[in-house]
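Student: I am attaching a structure below and will ask some questions about it afterwards.
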Amino acid sequence: MNTFKMIILFLIAYFFKLFIYTLVAFINFGILRFFSCGVHANTSLNLLLNKNVVVIMYIISLILVFIYATADTEEHSIGSKHHRKALTYG
């Protein structure tokens, strides 16, 4: 399902001459998702937001990923106490 959405997204971006912007956003999202270790929403909810709000949300999300991405969860265990301590801030 996501592959189909991605194809549609890039086709629409191409026709509206927004392909490069879409590709850059897609790569940024991929990098952010890779380092955030799989935090997922239950649904695909689309909201229309002001550009400034989106930028602020992105910056806040990036800060939160840098702070909490090293969380020790059941699915992604950090392992040793030494390694866990090295990854924590403060």
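The values are calculated or read from the model by the stated rules, or taken from the named source; none is laboratory data. Note that the coordinates shown come from a computational prediction; the quantities given were computed from them, not determined experimentally.
Student: State whether one or more residues within the range 51-69 are at pLDDT 75 or above and of a type in the set (Gly, Ala, Ser).
Tutor: Yes, that holds for at least one residue.
Student: Moving to a separate point now. Regarding Leu32, is this residue at pLDDT 75 or above, within 9 Å of the chain's Cα centre (by Cα), in the same structural domain as Arg84 (by TED's automatic domain parsing) and part of a helix (DSSP H, G or I)?
Tutor: Spelling it out, it is not the case that Leu32 is at pLDDT 75 or above, within 9 Å of the chain's Cα centre (by Cα), in the same structural domain as Arg84 (by TED's automatic domain parsing) and part of a helix (DSSP H, G or I).
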